[in-house]
1. Rounded, prolate or oblate, given the Cα gyration tensor of segment 72-117, with a/c below 1.5 counting as rounded?
2. What is the sum of charges around G53, taking Lys and Arg as +1, Asp and Glu as -1, for the other residues whose C-beta is under 13 Å from the C-beta of G53?
3. In the neighborhood of S19, defined by Cβ-to-Cβ distances under 13 Å, what is the net charge if each Lys or Arg adds +1 and each Asp or Glu adds -1?
4. Along the charge dipole of the chain, which of V46, C20, S61 sits closest to the positive end, that is, farthest toward it, with unit charges on the beta carbon of Lys, Arg, Asp and Glu (+1, +1, -1, -1)?
5. Can you return the lysines within cross-link range of K63? Criterion is Cα-Cα under 23 Å, with same-chain partners fewer than 8 residues away left out.
6. Among G47, G33, G13, whose mean-square fluctuation peaks in a Gaussian network model of the chain (Cα, cutoff 10 Å)?
7. If you build the Cα gyration tensor of segment 25-117 and take the root of 5 times each eigenvalue, what three semi-axes come out, in whole angstrom, biggest first?
8. Which whole-number value in Å² is the accessible area per residue of the chain, probe 1.4 Å?
Amino acid sequence: QLQACGGGLVQTGGSLRLSCAASGRTFSSYIMGWFRQAPGKEREIVGTITSIGGVLYYEDSVKGRFTISRDKASNTVYLQMNSLKPEDTAVYYCAAKVAGSRSYHYWGQGTQVTVSS
């Protein structure tokens with residue numbers, strides 16, 4: 001029900017925009033999150049956005065470089081990634097949860113982002 005795409009190989013300093021398209025249900029009332037997992041590391045949250053488009057959280061290392069946004073009309077959430085660094089290399093996932101819930105209930109399949117030095 002969540003399909004993440006837009007990953008790829010980019011050089012240091014480059015940009016990518018990830019998209020997370022929802023199908024089968026509307027996620028307009030859900031909090032949406034972007035996560036990433038690098039090889040050998042635990043999954044970490046990158047950022048979250050509320051149902052009305054307010055950004056709740058950015059992980060410290062991406063502040064000022066990444067921007068989360070959402071388009072309710074298309075049921076899509078975006079992660080604009082600028083000034084990419086090799087340490088941003090990971091599989092990126094989008095997820096959705098009900099406001100107030102601790103856990104994310106719906107997960108996308110992940111898209112690989114590789115930043116070369």
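The values are calculated or read from the model by the stated rules, or taken from the named source; none is laboratory data. Keep in mind it's a predicted model, so treat the numbers as computed, not measured. For neighbour counting, all protein chains shown are included, and Cβ atoms are generated from backbone atoms with ideal geometry for every residue, glycine included. The accessibility values were calculated without ligands, DNA or RNA, using every heavy atom of the protein model including side chains. Shrake-Rupley method; radii C 1.70, N 1.55, O 1.52, S 1.80 Å.
1. On the way: a/c = 2.55, a/b = 1.88, b/c = 1.36.
Prolate.
2. Details: positive: R70, K72; negative: D71.
Combined, the nearby Lys, Arg, Asp and Glu give +1.
3. Taking every other residue near S19 into account, the sum is +1.
4. Sorting the options by dipole projection puts first C20.
5. K41, K85, K97
6. G13
7. On the way: eigenvalues 100, 40, 28 Å².
Semi-axes (√(5λ), whole Å): 22, 14, 12.
8. Details: 5980 Å² over 117 residues.
Ligands and nucleic acids excluded, the result is 51 Å² per residue.
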